[in-house]
Amino acid sequence: MSWENASIPQEFILLGFSDRPWLQFPLFVIFLISYIVTIFGNLTIILVSRLDSKLHTPMYIFLANLSLLDLCYTTSTVPQMLVNLCSTRKVISYGGCVAQLFMFLALGATECVLLAVMSFDRFVAICRPLHYSVIMHQRLCFQLAAACWMTGFGNSVWLSTLTLQLPLCGPYMIDHFLCEVPALLKLSCIDTTANEAELFFVSVLFHLIPLTLVLISYAFIAKAVFRIQSAEGRQKAFGTCGSHLIVVSLFYGTAISMYLQPPSPNSRDRGKMVSLFYGIIAPMMNPLIYTLRNKEVKEAFKRLVARVFLSKE
């Protein structure tokens, strides 16, 4: 297809799992339940962190930001997926596709940086406990959180602009259930080698470098923990890091699998399944992981529920 035949489409067809129609109803039920759980779980953490004064600490400031990220992340993709699963005409407008692409890139990059910042917070808490309140003061926490958001959205402006400048040729069918860079590159009329190289560079920048920083932080944390004499002290130290490590493993594992693995004959379906986990399952599991493993969050939630019931009496 020549460049001359390229145009700006009014809408895209999202093929999703249309080649497996028997999957659409089960997927609709799963996505709907996951979305409801995600909204409830993440809103709960945001409210508890905001309303309980005992949780006005750096760890919970970052956790509230992570919950807000997950809320926005799923809301940018899941409602459109639910509509398309119920519809025979699985389309998304050009404006909707651009918005989805921008938010998916921005929020994903922000979460990559935020998880690294959260590991630094745990490093200071365990390796420099006497200086923790001096180093991780509230102003620095808000500055670090703001820097995460600005970095993520700055990356999205750059990568989205490069992708949307490509001339696209019909038929405008995206072999995915959402608008993301690799799927849109396949619609381009021109060679996309440079764009693919830029995407790989950004993936290394936002996945491997933060992950390396996380691993370095936890290497120092592990060294410090093993120096603790009491078993109870070691268990408490590991307890404060366990939830974060699980979330890091889920997020970076799926992200690296999606963006940094070489193409394979099964990469089309693999990309869809990894995107499902990356964009739907992980945001649903994050609040469950932090709530079930964190005694302070559970106690704060009980206090919040008790306060609500007492106010009604």
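Figure the gain on full extension for residue 165 and residue 200 (residue separation times 0.36 nm, minus the Cα-Cα span) and round it to one decimal in nm. All intermediate terms of the calculation are to be shown ahead of the outcome.
Numbers: separation 35, 0.36 × 35 = 12.60 nm, distance 1.81 nm.
Length gained between residue 165 and residue 200: 10.8 nm.
How big is the stretch 124-257 on each of its three principal axes, counting only the C-alpha atoms and giving the largest first in Å?
In descending order, the Cα extents are 66, 30, 23 Å.
Quick one: angle between helix 282-293 and the longest Cα principal axis of the chain, in degrees between 0 and 90, rounded to 10, please.
10
What FRET efficiency would be calculated for the residue pair residue 75, residue 231, taking the C-beta separation as r and a Förster radius of 30 Å, to the nearest 0.05? Walk me through the numbers before you get to the answer.
On the way: r = 43 Å, r/R0 = 1.44.
Taking R0 as 30 Å, the efficiency between residue 75 and residue 231 is 0.10.
Run the quick spin-label model on residue 98 and residue 146: label points 7 Å from Cα toward the beta carbon, then report their separation in nm to one decimal.
2.9
For the chain, what is the charge dipole size about the Cα centre, in debye to the nearest 20, if Lys and Arg each add +1 at the Cβ and Asp and Glu each add -1 at the Cβ? List each step's numbers first, then the result.
On the way: 23 positive and 17 negative charges, 277 e Å.
That gives a dipole near 1340 debye.
Leaving out ligands, DNA and RNA, what percent of the accessible area of the chain is carbon and sulfur, probe 1.4 Å? It would help to have the intermediate numbers written out before the result.
On the way: 10880 of 15840 Å².
Answer for the chain is 69 percent, counting heavy atoms of protein chains only.
Helix 209-226 versus the longest principal axis of the chain: what angle, 0 to 90°, nearest 10, using Cα atoms?
Computed tilt is about 20 degrees.
Check residue 11: other-chain or 5+ apart residues with amide H under 5 Å from its amide H, H built from backbone geometry?
94
I need the calculated FRET efficiency for the pair residue 185 and residue 295, taking r as the beta carbon distance and R₀ as 51 Å, to the nearest 0.05.
Values: r = 46 Å, r/R0 = 0.91.
The pair residue 185/residue 295 has a calculated efficiency of 0.65.
Calculate, in nm to one decimal, what residue 220 and residue 8 gain on full extension: separation in residues at 0.36 nm each, minus their alpha carbon distance. Could the numbers behind the result be given before it?
Details: separation 212, 0.36 × 212 = 76.32 nm, distance 5.15 nm.
Between residue 220 and residue 8, full extension yields 71.2 nm more.
Which residues in the stretch 151-195 place their backbone N less than 16 Å from a point set 7 Å from the Cα of residue 89 along the Cα-to-Cβ direction?
172-173
Accessible area per residue, 1.4 Å probe, Å², for the chain: what's the number? Intermediate results must be reported in sequence, preceding the final value.
Values: 15840 Å² over 313 residues.
On a per-residue basis, 51 Å².
Cα atoms only: what Rg and Dmax, in Å, come out for the stretch 37-155?
17.3, 61
Rounded to two decimals, what is Rg over Rh for the chain when you use alpha-carbon atoms and the Kirkwood radius?
Numbers: Rg = 21.3 Å, Rh = 21.1 Å.
Looking at the chain, the ratio lands at 1.01.
Find how much the distance from residue 193 to residue 53 grows on full extension, using 0.36 nm per residue of separation minus their present alpha carbon separation; answer in nm with one decimal. Mind dumping the intermediate values first?
Values: separation 140, 0.36 × 140 = 50.40 nm, distance 5.17 nm.
My answer for the length gained is 45.2 nm.
The values are calculated or read from the model by the stated rules, or taken from the named source; none is laboratory data. Please read these numbers as outputs of a predicted model, since none were measured by experiment. Don't worry about glycine lacking a Cβ; one is built from the backbone with ideal geometry, like all the others, and counts go over all protein chains shown. Side chains are part of the model used for accessible areas, which takes the heavy atoms of the whole protein and leaves out ligands, DNA and RNA. Shrake-Rupley method; radii C 1.70, N 1.55, O 1.52, S 1.80 Å.
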